[in-house]
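The values are calculated or read from the model by the stated rules, or taken from the named source; none is laboratory data. All of these numbers come straight from a predicted model, not from anything done at the bench. Methodologically, a virtual Cβ is constructed for each residue, glycine included, from the backbone with ideal geometry; neighbour enumeration extends over all protein chains shown. Just the protein is used for accessible areas: all its heavy atoms, side chains included, with ligands, DNA and RNA removed. Shrake-Rupley method; radii C 1.70, N 1.55, O 1.52, S 1.80 Å.
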Amino acid sequence: MTRQRTAALVGNPNAGKSALFNALTGARQKIANYPGVTVERKAGRLILPSGEPLELIDLPGSYSFDAASPDEEVTRKVVHGEFPGEVLPEVLVIVLDAANLEQHLVFAQEVIALGRPTVVALNMIDLAERDGLTLDPAALSQALGVPVIPTVAVRRKGLAELAEAIARAEVTAGEGGADAQPRQHMTLPERRLAARHMAKAAVLSESARHRLHTGLDKVLLHPWLGVPILFVLLFVMFQAVFAWATPFADGLEAGVGAISEWVVATFPGGFLRDLVTEGVLAGVGSVVVFLPQIVILFAFILVMEASGYMARAAYIMDRLMARVGLSGKSFIPLLSSFACAIPGIMATRSIADPKDRLTTILVAPLMTCSARLPVYALIIAAVIPNTTVGPGVGLQGLVLFALYVAGIFGAMVVALVLRRTVAQGSASGFIMELPRYQMPRLRDLGIGLWQRAWVFLRRAGTIIFMATIVLWVLLTFPKAEPGESQIDASIAGRLATGVHAVVEPIGFNREMALALVPAMAAREVAVSSLATTYAVASDDEEETAMALEEEVAARWSLPTALAFLAWFVFAPQCLSTIAVARRETNGWKWPMFMVGYLFALAYVFAGATYWIAVAAGL
Amino acid sequence: MTLDQLDHGQRATVVSVDWASLAPEDGKRLRAMGLDEGASVAVAHRGMFGGADPLAVTVGRMTVALRRAHAAAMEVERA
């Protein structure tokens with residue numbers, strides 16, 4: 001009989017669980033959501049020493065089974081076999097931070113008390129050694145009554161031994177070890193006392209060595225320096241997104257252009273060739289070129305997370321967030337929303353206070369997600385001159401930064417208003433562990449970046465691909481009579497006329513109106529639909545070669561372009577975000593509210609921008 | 001003396017916690033992190049903008065950020 005072979009990683013947050021998971025499973029990972037909830041389910045294949053595969057699940061970090069957040073609730077249910085649709089893991093692998101045993105052993109005892117086949121990974125033992133701790137895994141193993149394997153996930157030390165221990169524990173599970181009786185129940189103070197004794201017994205020697213992170217914290221958490229350092233860091237991040245990505249983006253653009261030329265030269269003209277060059281390549285290609293910028297943005301966010309700085313950023317921001325009725329905990333979901341609002345909204349699960357969480361969900365779409373980046377980048381490159389305004393500070397980067405700030409500022413004001421109106425409630429709390437600093441490892445960074453890039457490319461390959469083809473068809477048919485422009489004659493053109501009537505007062509032209517509708521599916525589609533529109537619009541074959549950027553520069557006035565930027569700061573233009581908000585708030589009420597207020601803000605601010613720019617004579 | 005009044009770097013022991021003054025979720029979280037009666041604590045960092053909020057407190061080998069309101073609920077005794 002074949003069994004579903006599974007093991008689950010459990011442990012406190014910041015025990016290095018995810019690094020260990022990456023090291024054990026490598027690229028053989030699958031990320032999905034647990035059915036019914038939006039907590040991420042990370043599972044991967046671990047190859048046992050026997051060569052057989054075993055499914056390894058990485059559970060959300062927990063401090064206790066006495067769940068305080070939805071994340072911890074998932075861990076508790078999976079470990080107890082109470083999660084619908086999830087099999088009871090046969091082996092529990094407890095991950096401990098070797099340098100923080102006294103704390104981590106409290107939860108470990110709770111897990112071991114279940115009486116299930118268990119293995120302990122004494123992780124980050126190198127950091128413990130750096131801190132001057134010498135540990136005795138054998139003593140710990142004896143005290144806990146389960147095997148203890150010292151590991152350094154990031155340097156792949158102890159992994160083979162751990163896999164072997166898991167395999168051995170799994171055999172016990174198969175032999176009916178799973179019906180072992182739960183051991184005696186201890187209260188929290190009793191477990192804490194026991195943890196202290198065990199930790200003391202496991203530490204062979206401890207030298208008071210200077211610790212790197214206290215020194216770093218003195219600077220990074222300095223009452224006056226902390227805030228400017230964080231802001232400089234964020235500013236550098238946004239400058240880098242613009243500056244470093246350029247050569248890669250140019251290369252990709254050239255590549256797409258070359259493929260397009262090759263298609264034109266190789267295949268006979270006709271419907272299919274036009275669909276490929278004007279529809280697919282013009283549309284999808286114009287989005288794919290933004291991959292480098294998105295990768296750079298995610299790289300910064302992942303490094304901040306992996307290094308331990310992200311929690312500090314939350315600490316630094318708590319005071320400011322408290323002013324608008326939120327806590328520093330909202331800062332992390334909001335910062336991840338810069339990459340994409342979907343994981344951002346999902347990350348609000350770590351916020352225990354419901355009003356706090358609702359407010360954070362409602363303002364998350366105002367954070368400038370990476371899907372806006374293609375739109376911003378295109379318009380900025382087209383209408384903002386590439387001049388420097390100071391050493392290392394370009395005007396284009398500055399405008400981009402201003403757009404991000406506009407989104408943040410908008411979110412803060414909206415949060416303040418929401419906290420006083422629809423999400424009234426007492427001030428929220430802020431309690432958070434500040435993990436020790438760690439050098440981020442390239443391998444983990446690589447896996448994280450690859451997963452994010454893949455999600456983006458998949459969007460480009462599915463939603464954007466489909467939207468582009470549909471739009472191209474709508475733009476191409478019916479064919480124009482001689483003397484009539486193709487866009488005016490097409491179905492899309494007629495639809496756009498209706499939308500245009502609504503957005504004309506705020507300075508939008510027909511092509512923009514045309515782009516707004518498919519961009520509801522995903523913001524970056526705006527770029528591909530502009531590309532497709534202009535590709536179809538130019539009857540002249542030579543004109544088609546003109547880059548989209550140049551088209552925009554030639555056809556849009558500056559006030560119009562600025563209004564378009566302002567629109568994208570606020571407009572709710574992503575169906576997935578609305579869907580996630582619906583799932584997270586359990587109904588249509590809040591997502592509808594969100595969509596309504598965002599459209600209102602977008603319309604007002606785009607209009608204001610347009611009229612001010614016109615009045616200023618731009 | 002309560003935890004928020006403790007001098008920077010001074011070690012102290014938590015002697016009592018006014019759990020009733022804390023939101024139940026906050027109390028649960030503090031306890032899970034080991035900020036409980038009997039814990040040995042020290043204030044490592046004080047908040048930004050001179051408001052001394054939030055605080056970063058070391059408990060064991062862990063650093064925990066918490067608000068002044070939480071710290072004020074914890075009666076401490078200098079070690």
Acute angle (nearest 10 degrees) that the helix A:575-585 long axis makes with the longest principal axis of chain A, alpha-carbon atoms: 40 degrees
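Please identify the longest segment of chain A free of exposed GluC sites (Glu not before Pro), where exposed means a DSSP state other than H, G, I, E or B and no more than 15 other Cβ atoms within 10 Å.
Details: sites that count: A:GLU82, A:GLU175, A:GLU484, A:GLU541, A:GLU542.
Answer - A:176-483.
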Three-way shape call for chain B based on the alpha-carbon gyration tensor, with the a/c threshold at 1.5: rounded
Histogram of C-alpha separations across the protein assembly as shown, 20 Å bin width, %: 17, 46, 29, 8, 0
Cα gyration tensor shape for region A:6-206, rounded if a/c is under 1.5, else prolate or oblate: rounded
Cα lying deepest toward the dipole's positive end in chain A, options A:VAL470, A:GLY392, A:GLY308, charges on Cβ: A:GLY308
Protein-protein interface of region A:65-98, residues with accessible area decrease of at least 20 Å², isolated chain reference, 1.4 Å probe: A:ASP66, A:ALA68
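Roughly how big is the B-A contact, given as buried accessible area in Å² (both sides, 1.4 Å probe, nearest 100)? Each step should come with its number before you reach the end.
Values: alone 4680 and 27180 Å², together 28700 Å².
Adding both sides of the contact gives about 3200 Å².
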Mean Cα-pair separation over length for region A:6-206, i.e. relative contact order, pairs under 8 Å, 6 or more apart, %: 23 percent
Heavy-atom surface of region B:3-78, accessible at 1.4 Å and reported per residue (Å²): 37 Å²
For region A:240-256 and region A:259-283, distance of Cα centres in Å: 23 Å
Solvent exposure of region A:6-206 as accessible area per residue, Å², 1.4 Å probe: 39 Å²
Percentage relative contact order, region B:3-78, counting C-alpha pairs under 8 Å, at least six apart: 41 percent
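Per residue, how large is the accessible surface of region A:452-514? Use a 1.4 angstrom probe and give square angstrom. Please list the in-between numbers first.
On the way: 3070 Å² over 63 residues.
Per residue, region A:452-514 has 49 Å² of solvent-accessible surface.
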Those residues of region A:300-322 for which accessible area with every protein chain present is at least 40 Å² below the isolated value (1.4 Å probe): A:TYR315, A:ARG319
Selected from A:ALA19, A:GLY283, A:MET198, residue furthest toward positive end of dipole (the protein assembly as shown; charges at beta carbon): A:MET198
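List, in the order given, every pair from A:LYS30/A:LYS157; A:LYS329/A:LYS355; A:LYS17/A:LYS42; A:LYS329/B:LYS28; A:LYS157/A:LYS200 whose Cα-Cα distance in the structure shown is over 19 Å. Walk me through the intermediate numbers first.
On the way: A:LYS30/A:LYS157 24 Å; A:LYS329/A:LYS355 13 Å; A:LYS17/A:LYS42 11 Å; A:LYS329/B:LYS28 17 Å; A:LYS157/A:LYS200 24 Å.
Among A:LYS30/A:LYS157; A:LYS329/A:LYS355; A:LYS17/A:LYS42; A:LYS329/B:LYS28; A:LYS157/A:LYS200, the Cα-Cα distance tops 19 Å for A:LYS30/A:LYS157; A:LYS157/A:LYS200.
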Charge dipole of the protein assembly as shown about the Cα centre (unit charges at C-beta), most positive-ward option of A:GLY115, A:ALA381, A:SER529: A:GLY115
Alpha carbon centroid spacing (whole Å) that separates region A:377-440 from region A:74-127: 37 Å
Whole-angstrom gap from region A:590-614 to region A:8-24, using each part's C-alpha centre: 43 Å
Accessible-area composition of chain A, carbon plus sulfur, in percent [1.4 Å probe]: 64 percent
Contact order normalised by residue count of chain A, Cα under 8 Å, 6+ apart, percent: 11 percent
List of region B:63-79 residues, accessible area with partners at least 20 Å² below that of the chain alone (1.4 Å probe): B:THR63, B:ALA65, B:ARG67, B:HIS70
Net dipole in debye of chain A [+1 Lys, Arg Cβ; -1 Asp, Glu Cβ; about Cα centre; nearest 20]: 1880 debye
Acute angle (nearest 10 degrees) that the helix A:442-459 long axis makes with the longest principal axis of chain A, alpha-carbon atoms: 40 degrees
DSSP-defined antiparallel bridges as percent of all bridges, the protein assembly as shown, nearest 5: 70 percent
Using alpha-carbon coordinates, inclination of helix A:491-503 to the longest axis of chain A, degrees: 80 degrees
Protein-only accessible surface order, largest first, of A:ASP274, B:ASP7 at 1.4 Å: B:ASP7, A:ASP274
